[in-house]
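The structure appears right after this line, and notes come after that.
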Amino acid sequence: MGFLKTKGEIYKAVEDVDVGPNSNQFYLTANVKAPRMAGFLVKVFAWLLETPIFGSIMLYFLKRNNLIHKLVTFAELQESPLYVPLHYYEGGKEEENQSGASPREQVRQALGCMVAPKPLYSFSRWTILDYSTAYNSKLITPTKVMERFLSAVEHSSTPSMQMSFFINFDAHDILRQAAQSTHRYQQGEALSVLDGVPIGIKDEIDCMPYPTTGKHTFK
């Protein structure tokens with residue numbers, strides 16, 4: 001089907017893409033036109049796809065209508081081949097921690113093992129080390145972080161955005177745990193470097209007391 005070949009998207013190299021907070025980079029989304037089918041219609045559709053000639057033609061046009069050929073199949077990458085990993089690694093010194101240390105000392109030792117990476121781009125995400133350092137230095141508390149987090153989640157679900165990044169959460173339980181974590185940091189008894197650090201769980205993973213839907217609306 002060379003005469004029907006779709007012109008592929010051209011992807012810039014990573015170093016040529018601005019991922020900063022003020023980036024004007026255009027985000028291309030695919031307009032999905034897949035038909036909705038159920039029951040006997042699915043069986044007929046599967047039978048047609050499995051036919052030697054007609055199935056290949058139908059699959060080609062389905063992919064083209066959903067921009068799969070444009071964004072994936074015939075896409076051009078302006079990226080050099082990667083033959084070796086580019087992640088810099090430097091082996092650290094191994095030390096044996098003393099047993100019987102207090103929780104506060106254990107947290108301090110864990111922080112000493114974490115090395116802050118050098119940011120490669122103007123935009124960066126907060127890391128576990130960033131949160132733990134801020135909590136221990138009293139720059140901010142887990143309660144304040146989670147209040148801002150819940151405010152951002154609520155804003156993302158408004159009609160103007162309609163993102164709904166988190167499909168299920170308990171605001172009261174989150175604030176309760178954040179208050180407990182804040183108290184532990186005030187007493188110098190943080191459980192670990194993860195104490196008070198917000199962590200999102202994918203919906204495919206069972207996590208009490210939340211339901212697992214697998215991104216579906218039915219159970």
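The values are calculated or read from the model by the stated rules, or taken from the named source; none is laboratory data. Values in this document were obtained by computation on a predicted structure and should not be read as measured data. Positions of Cβ are generated from backbone atoms using ideal geometry, with glycine treated the same way; all protein chains shown enter the neighbour counts.
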Report, ordered by the first and then the second residue, all pairs with beta carbons closer than 6 Å, sequence separation of six or more or different chains, a first member in region 181-204 that is at positive phi, and a second member that is surrounded by 20 or more Cβ atoms within 10 Å (Cβ to Cβ).
-> GLY196/TYR135; GLY196/PRO142; GLY196/SER181
So, of the residues in region 35-74 that are part of a loop (DSSP other than H, G, I, E, B) and touching a residue at least 24 places away in the same chain (Cβ under 8 Å), which turns out to be surrounded by the most Cβ atoms within 10 Å (Cβ to Cβ)?
-> LEU67
Of all helices (runs of 4 or more DSSP H) fully inside region 125-217, the set with 2 or more residues that are over 24 Å from GLN106 (Cβ atoms) and in contact with an Asp or Glu (Cβ under 9 Å, 6 or more places away or on another chain) is 171-186
State yes or no: is MET146 touching a helix residue (DSSP H, G or I) at 6+ places or on another chain (Cβ under 8 Å), surrounded by 10 or more Cβ atoms within 10 Å (Cβ to Cβ), modelled with pLDDT of 75 or more and assigned by TED's automatic domain parsing to the domain that holds ALA178?
-> yes
Those residues of region 20-34 which are exposed (fewer than 12 other Cβ atoms within 10 Å of the Cβ) and either in the same structural domain as ARG125 (by TED's automatic domain parsing) or among the hydroxyl-bearing types (Ser, Thr, Tyr) (or both), in sequence order | TYR27, THR29
